[in-house]
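Just so you know, all these numbers are worked out from the coordinates, no wet-lab data involved. Every value quoted in this text rests on a predicted model; they were computed, and no experiment measured them. Virtual Cβ from ideal backbone geometry, glycine too; neighbours counted across all protein chains shown.
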There are 2 protein chains.
Amino acid sequence: MKLENAISETRACWIWYPGDWEVWLHEQVSLRREMREVMFPPFWRLDSHYSSVLFKYEYYLAEETTVRITAEGQYAVYLDGKDNHRSNKHEITLPKGKHTITISVYNVKNVPALYIEGEIIYSDHNWEVSCYDSRWKPVGSWPSQFHSPHTLPSEYKLETELQVAKNIEKTEKGWLVDFGKETFGYLQLKELSGQGELVVYYGESMEEAKDTEHSVLIDRVTIDEEKGVTYTFKKSRALRYVQLIPANETIQFQIVHLLYEYLPVTYRSQFKSSDQRLNDIWSTSMDTFHLNTREFFFDGIKRDRWVWSGDAYQSFLMNYYSFFDADVVKRTLIALRGKDPINTHINTILDYSLYWFISIYDYYQYTGDKAFVNSQYENMVSLMEFCLSRRNSEGLMEGIEEDWVFIDWADLDNRGEISTIQILLCRSLEAMSLVSALVDDTKRSKTYQHEAEKLKKKIMEIFWDEEKGAILHQRLDGELSNKITKYPNMFALMFGYLNDQQIAKVKEKVLLNSSVQKIKTPYMRFFELAALCEIDAHPFVLEEVHDYWGGMLDLGATSFWEEYNPAESGSEHLQMYDMPYGKSLCHAWGASPIYLIGKYFLGVRPVTPGFQDFVIEPKLGGLEWFEGEVPIGEGNASIYMDNKKIRVKANHGKGILKYKKNEQTLEKAIPTDGSWVEIDL
Amino acid sequence: MKLENAISETRACWIWYPGDWEVWLHEQVSLRREMREVMFPPFWRLDSHYSSVLFKYEYYLAEETTVRITAEGQYAVYLDGKDNHRSNKHEITLPKGKHTITISVYNVKNVPALYIEGEIIYSDHNWEVSCYDSRWKPVGSWPSQFHSPHTLPSEYKLETELQVAKNIEKTEKGWLVDFGKETFGYLQLKELSGQGELVVYYGESMEEAKDTEHSVLIDRVTIDEEKGVTYTFKKSRALRYVQLIPANETIQFQIVHLLYEYLPVTYRSQFKSSDQRLNDIWSTSMDTFHLNTREFFFDGIKRDRWVWSGDAYQSFLMNYYSFFDADVVKRTLIALRGKDPINTHINTILDYSLYWFISIYDYYQYTGDKAFVNSQYENMVSLMEFCLSRRNSEGLMEGIEEDWVFIDWADLDNRGEISTIQILLCRSLEAMSLVSALVDDTKRSKTYQHEAEKLKKKIMEIFWDEEKGAILHQRLDGELSNKITKYPNMFALMFGYLNDQQIAKVKEKVLLNSSVQKIKTPYMRFFELAALCEIDAHPFVLEEVHDYWGGMLDLGATSFWEEYNPAESGSEHLQMYDMPYGKSLCHAWGASPIYLIGKYFLGVRPVTPGFQDFVIEPKLGGLEWFEGEVPIGEGNASIYMDNKKIRVKANHGKGILKYKKNEQTLEKAIPTDGSWVEIDL
């Protein structure tokens, strides 16, 4: 034990039970979904923070010192376990010598949080906390956000910025306002006056805002103002259009603003190419993705506003090629896992539990943040135990009880043993093995590795059809189905489960075979196109991106959609879930070109955790030239490529430039001093 | 599925997720402990209600019908799973035919609760509820309490009644008020006026109220009133005395009242005997017990005001011989168990988990309420799994990690294998076996029975010392200790684990052996004296009750204490936990004469669940005569006995009167028509 030294008190931060602030925030945020003014809570169990927790810190002081205590909640302080001698004073003098300070904090409504200011003793990550279950854990905190006693964790809000309506026009009964593009925030009316009710119909499309019978989001306010006032609506909404319908003609306003609400992030990637359409797709992808990058990674901003593990898995990957915001990844992973006991899969979806394991391993690979992985290890093991306990007698997972086996929005029979699920489980076991090794749990690491190998062998034995050159979709009641879908084949390819002959067959007979059922969601097009990039089908991918994402742009999209079927037309594009405006027009999974471009065209990927070692392997894929930037951990990599040369530089880690010249794959070290290296092709 | 019939809508009641209202109430109540104005939360994890739940009811209607919906929290209603078509209207018309109505309710602060009024469809125990964990459970409710839409479950309060101070006298700095006996409630001052602070020091003893430096409970109010007002303090407190100290002479009041706060119960037992001292003990026990019978069974009213499983185990038994209030037993059992995951023992005390199992079986035996036992079965199995998973390699339980092995407040070494713990575990396994059989889980029933038998054998093999005629206290690191304590011997005797020879030895060498360590708490004197009654040592028990409880009366007690050591004197009696007034002077476990008299003197006990069959075996035990009443399920039994005759009657079940005449034990059926039967002795 070392003697405490005096240091700056600005190092203090708010502390709480680890994960509880995220769980609490997740609950708040999850309840914001509405359907025509009626609340719409999530389909899964919402967990709560512990209302009563105990913070502890052991110190050794040469002289007594004074601390000031601020808490969210009631608190009681005592020393050395003498709990009958407790105080709730704001300022307390701590005696010299070796002592343990214990602070009990209670708060039902918000997370019990603690802030200790002092020259020597202050609250930080070195404190421990317990929910009185006889275990002590390192506290949770977010020092870069909550480092002042006046910034309360319970008052966390995203930033806002004023946006001005692009166009206002009279409609039959009111006004139609266009903000020019998809956005999100609090509607604000200036110089509002009159008497009576004013109703707002929001629309991601003009059709929706105009259709008062079916628009999904509605707000109403009753006004009684002689003189004009500024009124800001209470709830943040997704919109491009709003229709305002007053109860009578007394109601007037002059200006329509939006307090655009957003998570402050740094745009750490850039992309520009010879192909303007691709540039537009990249930039609309970034808009779409930022709108969905909020307290957590959302699926879509209009409708669910929920945190879904499969959707988040892709958002994590897009984030590594755009904002590289580690905090929102961590918040999302914690919120998804929730608390024990585990009675259902994450989001009640079998595949969504599996994506969570892989996401944590990816997070480590991209950030090198071992501390976070450590903090989640117990949660990973227990969720994996839950999964493994639900295998059938063959050791395969299938939907049991109320499990939802999703895979994709598509015409799929997901009963029985689905090959895609087994492949995701196998990858999850591999992720668990790697993480176990990381936290020095060698025994578990070996067990998981062994389970993964056994399962991989079984998958190929059961589902691989040599003649068809494909992994089949399903086995039900012992009967192998003839159906081929792209899903298992693209995942197996991406995860490296196929040999060269199998890859060649899958490419021809599945991925590039137009008679195989087409994928209608950007969600699964993400993996489909990534898999095609893995086998160097860049020109094909580029064409698909052009057609598919470009197709949405042609229809006037300012953000990418939850689903896009080129075969549909007109208002069909707005429908989903049996509702005329059921479809989300700003869906995170629509933004996947960010990932495809960053990883497979600019070609940047980590080799060791946190980009200590990394590779840049740019591929033009049919473009004349491109230039761009991609975050590599704490630094950035810049890439330029045309048919004649490649230029790269990087200011972090040890990079290797990989390129093809005269049919040979060559490598060159990237200077570690941040200077450019150039290759003639 | 039957067609719904129109019935009276007064049958509707509030419904909630089962156990959640009790868990919520437990959290509220547990936080009321204070130490000199500073909060003092419990030492164990406090669980919360689920904030987001889903109610479901399937109906089949010949004609459409209207229902009115009231909820605690936001709600959304939809039919037949069409969750995009939801409503939050108060009045809804339900279509005819077969449909499922689903209502989502959300409430963070209070328990999401639902009340449906309608002629045909209304909320009651037939509804189901889920916390979105893919399981549906029968709802929780308390129809006799919450049957009106205006009586909100979140506003539950005990009753109050005015009590007038018995005496007020001036002290040096203020006034000392005596309410004449131990009581509990909200202090009320009439015609209070003046400017400044008024501080109240509460005392269960006069010493405590007078000692402003050390009294445990303090309230303060700042007054600024010209004219006299009535002021009621916000917090209910335990007290007999209060000292009021005003900041200055402007502060005046005329009358001191107490809003005595209590749980409305029926005093269903009576006792009167030839021994006035015993009558006083019985009646002070009833006062003590009623004060501690509240939202839950508390340990004591001044200090902890918490729900402790070992304490509650005794309260349950006392309750069966006094109020026979099943609701407070159920509330207490639910609160104690809390929610999953189980990370520690109940109250963090190993023995306290074990008492919980036995308590549930006792509850069934006394009430015959199978529905409640059913509702707790899953909770019982998982807690037992937790316990069994913590056995050592010998199959015995010992305190591991942070477990607290309590047994009693006494000079005890409770490390290693404590025989009392194994005996309680054995009894718990037997209780589990009986309950498993009750819910038709034959397989588990057999397993538990087998485990119990194995354990019983092992206990006697390891701990029984034939020579000493006693079960030894402890085995530590394989070393059997020589120490004899009364605990394991009295439990083994009560639970029927000893043969006749062993009983005789234990009686002589342990229970009646004055060189064996004496028990200082009424808590364990409860079991000690019960065990002695089991072996017909009534005259000895009567003498002990006289001395021990009578000893407290002699010291002026108006309620019985947490601990009483006749060897102490003066203010020593008030001390505990290193505090001058640390001892609770109104502790539930002090009231055990209720049980001893009801079960062993009046002699009433159930033979089959809910007193369908019962025995009355009255024993004078040295008294000249007694008469009394005891609840027997829904009915009551009346007993009179003197040296010449016994008279009993009962208005419920099938009773047998057992008695001794001419050294023979005889039996006689008790008339089922409620008439007296009389026996000459």
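General observations
- In summary, the helical segments of chain B meeting the span-like criteria, namely a full DSSP H run, a Cα extent along the axis of 20 angstrom or more and a mean Kyte-Doolittle hydropathy of at least 1.0, are B:419-438.
- For the pair segment A:614-681 and segment B:587-602, the centres of their Cα atoms are 86 angstrom apart.
- Compared with the alpha-carbon gap, the fully stretched path from A:E663 to A:L388 is longer by 94.4 nm at 0.36 nm per residue.
- Considering only B:F298, B:T521, A:L529, and ranking their Cα positions along the charge dipole of the protein assembly as shown that arises from unit charges at the beta-carbon of Lys, Arg, Asp and Glu, the one farthest toward the positive end is A:L529.
- Neighbours of B:D642, meaning other residues whose beta-carbon lies under 15 angstrom from its beta-carbon, give a summed charge of +2 when Lys and Arg score +1 and Asp and Glu score -1.
- With the simple spin-label model, which puts each label point 7 Å out from Cα in the Cβ direction, the B:K644 to A:H90 separation comes to 8.0 nm.
- Inter-copy label distances at A:S569, using a point 7 Å along Cα-to-Cβ, come to 10.8 nm with the shortest given first.
- Exam field: B:L476 pseudo-label spacings to other copies (7 Å along Cα-Cβ), nanometres: 6.6
- Centre separation in Å (Cα based) which lies between segment A:161-177 and segment A:522-557: 35
- A Cβ-based charge dipole, computed about the Cα centre of segment A:159-262 with Lys and Arg at +1 and Asp and Glu at -1, lands at about 140 debye.
- Residues of segment B:75-89 with amide N under 16 Å of the 7 Å Cα→Cβ point at A:K235: B:75-77, B:84-89
- FRET E, pair A:R11, A:K109, Förster distance 30 Å, beta-carbon r, rounded to 0.05: 0.60
- For A:G622, neighbours were defined as the other residues whose beta-carbon sits under 15 Å from its Cβ, and their charges (Lys and Arg +1, Asp and Glu -1) total -4.
- At 7 Å out from Cα toward Cβ: B:E401 inter-copy label distances (nm, ascending): 2.3
- Only alpha carbons enter this Debye calculation for segment B:604-680, each as an equal point scatterer, and the log10 of I(q)/I(0) it gives at q = 0.19, 0.20 Å⁻¹ is -0.73, -0.80.
- A Förster distance of 35 Å, applied to the separation of the beta-carbon atoms of A:K137 and B:T608, puts the FRET efficiency at 0.10.
- Computed label-point distance, nm, for sites A:S144 and A:Y577 using a 7 Å Cα→Cβ extension: 3.3
- Approximating the spin labels as points 7 Å out from Cα along Cα→Cβ, the B:N167-to-B:S675 distance works out to 5.4 nm.
- Packing-based ranking, highest mean first, of A:330-342, B:558-570, A:401-413 given that Cβ atoms within 10 Å are counted: A:330-342, B:558-570, A:401-413
- Cα shape, segment A:407-512, gyration tensor, a/c 1.5 rule: prolate
- Total formal charge among the other residues, if their Cβ is under 10 angstrom from that of B:K518, Lys/Arg +1 and Asp/Glu -1: +2
- Zone residues, segment A:31-75, relative to A:K98, backbone N less than 19 Å from point 7 Å out along Cα-to-Cβ: A:56-65
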